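Since the structure comes first, as structure tokens, the remarks are kept for the end.
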Amino acid sequence: MSVGVMTSSCSIKQAFIHLTKPLLAVAFLASFGSSMLYGFNLAVVNSPAQYIKNFYNETLTESYNWIPDDRHLTILYSVTVSIFAIGGMTGALLVGKLVTKFGRKGTLVRATVLVFIGGALMGFSRSCRMPAMVILGRFITGVHSGICLSVVPMYLGEIAPKSLRGFLGLVPSIHICLGVFIAQVLGLHELLGKEEHWPLLLSLIVFPTMIQLMLLPWFPESPRYLLIEKGNIHATIEALKWYRPKGNIQAEVDEMQEEQRSLSSIHTISVWGLLRDRCVRWQVITIMVLNIGMQLSGIDAIWFYTNDIFRDAGIPDLNIQYVTVGTGAIEVISGMLGCFTIERVGRRPLIIGGFLFMGICCAGITLSVLYQAQMAFMRYISVGCVVGIIAGFCIGPAGVPFLITAELFKQSHRPAAYTVAGVLNWMSNFTIGFVFPFLEMTMGPYCYLIFCTICLGVALYTIFVIPETKNKTFMEISQMFAAKNNILEEELTSNGHLKMAEMNGYGTLGLHR
């Protein structure tokens with residue numbers, strides 16, 4: 001047993017030998033100006049909710065001499081919150097074309113203009129007395145998040161050595177949690193939680209983006225994009241030398257050229273082409289299950305219901321905001337725990353463990369709410385279950401699906417795969433946010449049993465279908481799925497060779513007509 005532990009420790013140390021300063025810098029920089037903003041925008045509207053409603057009430061009265069009732073104000077505020085997810089879906093649809101035309105880094109740099117426009121609209125909305133500026137600003141920042149939520153893990157997955165893909169792939173997840181936490185802290189009444197400060201709070205997103213825009217252009221583009229899609233071997237070698245100053249890059253160049261040869265007969269495929277390609281059938285099903293399950297796991301519903309659970313547990317209303325900040329800190333800690341353990345335990349244990357733990361906690365909320373009238377201590381169990389769901393989500397399910405999307409597909413299919421994953425993710429996010437209030441009204445605490453079932457279903461799917469991708473090349477991962485897709489049986493010709501043009505290089509290693 002001790003020998004196994006020592007071997008594992010040595011392999012982890014060996015993996016982190018490849019973690020160079022340029023790799024770490026670009027991972028944090030790309031995530032700081034993109035992923036962190038996604039988390040910030042998710043949480044930033046919660047604290048000033050009443051102030052925003054008051055602003056809508058005042059301006060509608062001034063402009064149209066119409067005093068909206070509480071129902072109309074709630075609808076307007078709901079639109080303000082949910083329009084962010086609609087913008088995210090729009091951005092996700094653009095990912096494939098943008099990363100093919102401008103590259104991974106190029107897309108991130110160009111997308112920063114959306115943050116400046118959206119931030120300016122929200123920042124000056126109160127001065128201009130225009131509620132539409134808040135809603136439009138939220139939509140535009142949603143488009144930015146929809147683009148970056150896919151492009152950042154794609155970029156980091158392509159520049160990382162295979163031994164560090166998991167670690168670097170979860171750095172954006174930490175920044176998402178950090179963005180939520182920062183929004184919760186800044187939204188405290190003692191800081192920017194006052195009525196006169198809410199436009200400033202919403203527009204703070206421009207400052208991290210400004211830093212990203214100043215520094216990210218100095219870093220190289222993805223080496224895989226430069227070689228496989230652009231065919232620029234010189235720029236590829238220069239990029240690899242930048243990210244691996246002391247490493248031997250020849251093996252990586254050989255692996256990229258092998259993938260390039262397998263894809264020599266095709267170009268980057270469309271979303272429709274991806275969905276029709278039976279050679280990646282199980283990979284597509286996998287990203288669908290993970291991204292839909294990630295949002296339908298109940299995590300968004302938990303945030304919606306958190307204040308009520310804390311209130312029922314006897315926490316005073318004035319203290320709930322501080323308890324909420326505490327849950328944000330738990331998010332950050334859990335995200336870091338997942339990031340620093342993924343290269344030791346692998347992807348599958350984090351997904352399975354995270355979803356199983358969330359499922360158990362969802363069932364725990366149902367039981368605690370049902371029996372809290374008879375047993376007072378059940379109130380505190382419900383609080384513990386909320387914290388458990390948040391921690392379980394951030395350890396694995398929050399970030400691993402985006403990492404897995406990069407690993408399961410080769411260069412030609414990856415942009416379309418991220419488009420599909422992103423659209424499903426945002427669509428599920430919007431659906432649960434829209435449906436949950438009605439679900440909770442009709443089913444009460446039993447609605448969490450639905451989330452429990454979904455979590456357990458995703459965990460079982462991972463156990464029986466998804467292979468471990470830790471420390472595997474993209475070619476090796478494609479070959480692991482070949483048997484599941486029945487490629488070797490369906491595509492085998494009479495002379496014993498595989499049809500490369502039809503297979504798009506999947507499930508093959510050096511087989512040619």
**OP:** Please give the helices (runs of 4 or more DSSP H) falling wholly within the range 263-379 in which 1 or more residues are at pLDDT 85 or above.
**Re:** 271-276, 281-295, 317-345, 347-371
Original post:
Being out of contact with any Leu (no Cβ under 7 Å at 6 or more places or on another chain), among the hydrophobic types (A, V, I, L, M, F, W, C), surrounded by fewer than 21 Cβ atoms within 10 Å (Cβ to Cβ) and within 26 Å of Leu460 (Cα to Cα), is that true of even one residue in the range 359-376?
Top reply: yes
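Take Phe28 and tell me if it is of a type in the set (Phe, Trp, Tyr) and open to solvent by less than 20 Å² (accessible area, probe 1.4 Å).
For Phe28, the condition - of a type in the set (Phe, Trp, Tyr) and open to solvent by less than 20 Å² (accessible area, probe 1.4 Å) - is not met.
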Original post:
Are any residues in the range 354-386 out of contact with any Ser or Thr (no Cβ under 7 Å at 6 or more places or on another chain), of a type in the set (Val, Ile, Thr) and farther than 22 Å from Met294 by Cβ, and if so, which ones?
Top reply: Val383
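Can you go through Phe355, Phe409 and tell me which one is open to solvent by less than 20 Å² (accessible area, probe 1.4 Å), at negative phi, out of contact with any Leu (no Cβ under 8 Å at 6 or more places or on another chain) and aromatic (Phe, Trp, Tyr)? Write out each step before concluding.
Numbers: Phe355 fails: out of contact with any Leu (no Cβ under 8 Å at 6 or more places or on another chain).
The conditions single out Phe409.
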Subject >> Single residue of the range 229-255 satisfying the filter (more than 19 Å from Ala160 (Cβ to Cβ) and outside any helix (DSSP H, G or I)) that is most open to solvent (accessible area, probe 1.4 Å) >> reply: Lys230
**OP:** Considering only residues that are small (Gly, Ala, Ser) and modelled with pLDDT under 90, look in the range 380-406 and name the one that is most open to solvent (accessible area, probe 1.4 Å).
**Re:** Gly384
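Quick grid of which residues meet (1) over 30 Å from Ala301 (Cβ atoms); (2) part of a helix (DSSP H, G or I); (3) under 18 Å from the mean Cα position of the chain (by Cα):
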{"position": "Ser47", "(1), (2), (3)": "no, no, no"}
{"position": "Phe55", "(1), (2), (3)": "no, yes, no"}
{"position": "Ile67", "(1), (2), (3)": "yes, no, no"}
{"position": "Leu73", "(1), (2), (3)": "no, yes, no"}
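Do you know which residues across the range 60-75 are hydroxyl-bearing (Ser, Thr, Tyr) and within 12 Å of Pro131 (Cβ to Cβ)? So that I can check it myself, show each step before the final result.
The first filter runs over the range 60-75 and keeps only residues hydroxyl-bearing (Ser, Thr, Tyr), leaving 61, 63-64, 74.
Thr61, Ser63, Tyr64 - these are the residues of the range 60-75 that are hydroxyl-bearing (Ser, Thr, Tyr) and within 12 Å of Pro131 (Cβ to Cβ).
The values are calculated or read from the model by the stated rules, or taken from the named source; none is laboratory data. These numbers come from a predicted model, not from an experiment. Ideal geometry is used to build each Cβ from the backbone, glycine not excepted, and the neighbour counts take in all protein chains shown. These accessible areas exclude ligands, DNA and RNA; they are computed on the full protein's heavy atoms, side chains included. Shrake-Rupley method; radii C 1.70, N 1.55, O 1.52, S 1.80 Å.
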